[in-house]
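Notes for the one structure printed next.
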Amino acid sequence: MPAHETLHEGPHIEVHYGFDDGYDPPCYFFYVQDDRLGFKEGAAEAVDRVCSNFCEEGDGYYFDLHVGHTGFGQKVSREVMAEFWKRFGVPEPHVDAVKQGRTW
């Protein structure tokens, strides 16, 4: 069963990470979202264009990584994914899981 975890860094930033174990080996994902970079009602079209440079959907995602067969953003190794999870404060047992290619 897939897992999706969210860490909050202040009032605007969310760090999302997890896995999809429907694949062998599991796929892992990581993305950072800042709601200040998302589309806002009443914003000028020029502002929305800038926001869409980060994420076409306008939801403020600006850093996407994945490991495995499917995902958004840049495809990386488990070792690279583990390093970014660690840098963003993902709990050590989850960092160890991605390093070892297992789920939690």
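Computed from the coordinates by the stated procedures, all read-outs in this text should not be read as laboratory data. Keep in mind the model is a prediction, meaning the values are calculated, not measured. For neighbour counting, all protein chains shown are included, and Cβ atoms are generated from backbone atoms with ideal geometry for every residue, glycine included.
I'd like the antiparallel share, as a percent to the nearest 5, of DSSP beta bridges with both residues in region 3-100.
Details: 22 of 24 bridges.
Bridges in region 3-100 are about 90 percent antiparallel.
Can you give me the long-range amide H partners of LYS75? Hydrogens built in the peptide plane at 1.01 Å from N, cutoff under 5 Å, separation of 5 or more residues or another chain.
Residues meeting the criterion, in which the H sits 1.01 Å from N, are HIS66.
Could you give me the ³J(HN,Hα) list for region 60-71, computed from phi with Karplus coefficients 6.51, -1.76, 1.60 and θ = phi - 60°, whole Hz, x at Gly and Pro?
So the Karplus estimates, Gly and Pro as x, are x, 6, 10, 8, 10, 9, 8, 10, x, 6, 9, x Hz.
Give me the one-decimal nm value for the distance between modelled label points at GLN74 and MET1, 7 Å along each residue's Cα-to-Cβ direction.
Inter-label distance under the simple model: 3.4 nm.
Take region 52-94, drop everything but the C-alpha atoms, weight them equally and run the Debye formula without solvent; then report log10 I(q)/I(0) at 0.15, 0.18, 0.20, 0.35 Å⁻¹ to two decimals.
-0.45, -0.61, -0.72, -1.13
I'm checking a number: the convex hull volume of the Cα atoms of the chain, normalised per residue, in Å³. What is it? Numbers along the way, then the final one.
Details: hull volume 10.4 nm³, N = 104.
Cα convex hull per residue, to the nearest whole number: 100 Å³.
Please turn the phi angles of region 33-50 into ³J(HN,Hα) values with the Karplus equation 6.51 cos²θ - 1.76 cosθ + 1.60 (θ = phi - 60°), one per residue in order, whole Hz, x for glycine and proline.
10, 10, 5, 6, 9, x, 4, 10, 4, x, 6, 5, 4, 5, 5, 4, 4, 5
Can you tell me the 0 to 90 degree angle between the C-alpha axis of helix 78-87 and the longest principal axis of the chain, rounded to 10?
Roughly 60 degrees between the two axes.
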